[in-house]
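Notes for the one structure printed next.
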Amino acid sequence: MITLYDYELSGNCYKLRLLMSILGVKFTPRPVDFYPGREHKSEAFLRLNPLGQVPVLDDGGLILRDAQAILVYLASKYDPSGRWYPREDAALLGRIAMWLAFADQITATASAARLHDGVFYELDIDKARAGAHALFRILDEHFWFAEQTGDQWICTRDHPTIADIACFPYVMLSEEGGIPRLPYPAIRRWTDRVKRVPGFVVMSGIFPTGEAV
């Protein structure tokens with residue numbers, strides 16, 4: 001049985017819940033009182049993850065931390081189609097790894113701004129917002145050019161990968177940190193495509209897409 005040490009409002013936790021829902025993987029959530037309780041900094045939690053961060057995954061005694069690493073694990077073990085993390089394609093794996101690192105930069109900027117506005121984290125908010133906008137411009141341009149050749153996803157044409165799952169949450173939650181998505185139409189088209197993936201689930205601040213007309 002999989003246990004996910006989970007905080008409902010965390011985009012990094014949500015991306016794991018989202019992938020497991022899409023893959024039909026059953027798990028038991030173990031809520032962590034991130035705020036205001038700061039349970040992720042408790043002695044008991046630090047024994048699980050000495051970095052004091054959520055999420056943490058326990059799969060039959062295998063303890064993993066870091067959302068991107070856990071996405072790789074879940075897709076490798078629980079996706080029989082091999083489409084979410086295609087291990088036989090070295091070039092595609094390299095691109096996926098590149099965009100997983102990009103997702104970490106979104107977390108360091110857009111998510112940081114959200115923490116500043118929502119739970120009063122101290123940081124340079126102007127720098128965080130400017131950094132997020134710089135990343136969003138890169139991502140929006142990437143999608144615009146991809147769409148010209150029929151590609152719908154970050155790394156592939158016809159099927160998303162864990163790169164899409166990794167980047168999606170904090171793009172969708174960016175407005176909670178004062179970072180609007182309106183200037184990025186290609187990103188908005190992509191987020192609607194993600195919301196139409198079978199098995200898609202919502203979280204607070206991320207809603208279902210409207211029906212196509």
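FYI, it's all coordinate maths here, none of it is from the lab. What you see is a predicted model, and the numbers here were worked out from it, not measured in a lab. Quick reminder, even Gly has a Cβ in these numbers, built from the backbone with ideal geometry, and neighbours come from all protein chains shown.
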Margin query: Whole-Hz ³J(HN,Hα) for each residue in region 27-36, computed from phi via Karplus 6.51 cos²θ - 1.76 cosθ + 1.60 with θ = phi - 60°, x for glycine and proline: what do you get?
Written below: 8, 10, x, 10, x, 10, 7, 5, 9, x
Next item on the list: Starting from the Cα gyration tensor of region 44-108, take the square roots of the eigenvalues, sort them a ≥ b ≥ c, and report rounded, prolate or oblate (rounded when a/c is under 1.5, otherwise prolate if a/b is larger than b/c, else oblate).
Entry: oblate
Notebook entry, point to check: Using DSSP loop states and a limit of at most 15 other Cβ atoms within 10 Å to flag GluC sites (Glu not before Pro), what is the longest stretch of the chain containing no flagged site?
Noted result: 123-210
Notebook entry, point to check: Lys pairs in the chain, Cα-Cα under 26 Å, at least 8 apart or on separate chains: how many?
Noted result: 8
Note to self: What does DSSP give for the chain in terms of the percent of beta bridges that are antiparallel, rounded to the nearest 5?
What the structure shows: 65
Notebook entry, point to check: Quick one: Cα centre-to-centre distance for region 144-187 and region 1-34, in angstrom?
Noted result: 21
Check: Quick one: length gained pulling residue 87 to residue 189 fully straight, 0.36 nm per residue minus the C-alpha distance?
Finding: 34.0 nm
Check: Which percent, nearest 5, of DSSP beta bridges in region 2-78 are antiparallel?
Finding: 60
Note to self: With loop defined by DSSP as not H, G, I, E or B, and exposure as at most 16 other Cβ atoms within 10 Å, which is the longest segment of the chain clear of exposed chymotrypsin sites (Phe, Trp or Tyr not before Pro)?
What the structure shows: 1-119
Item checked: Inverse mean reciprocal Cα-Cα distance (Kirkwood Rh) of region 103-213, Å -> 14.4
Checklist line | the chain - percent relative contact order, Cα under 8 Å, separation 6 or more | finding: 23
Next item on the list: Pop out the ³J(HN,Hα) list for region 80-93 in order, Karplus 6.51 cos²θ - 1.76 cosθ + 1.60 with θ = phi - 60°, rounded to Hz; leave Gly and Pro as x.
Entry: x, 6, x, 8, 6, 8, x, 5, 8, 10, 4, 5, 5, 4
Next item on the list: Could you check which residue among 113, 186, 166 shows the biggest mean-square fluctuation in a GNM of the chain with a 10 Å Cα cutoff?
Entry: 186
Next item on the list: Please identify every one of the trypsin sites (Lys or Arg not before Pro) in region 58-150 that sits in a loop by DSSP and has no more than 12 other beta carbons within 10 Å of its own beta carbon.
Entry: 87
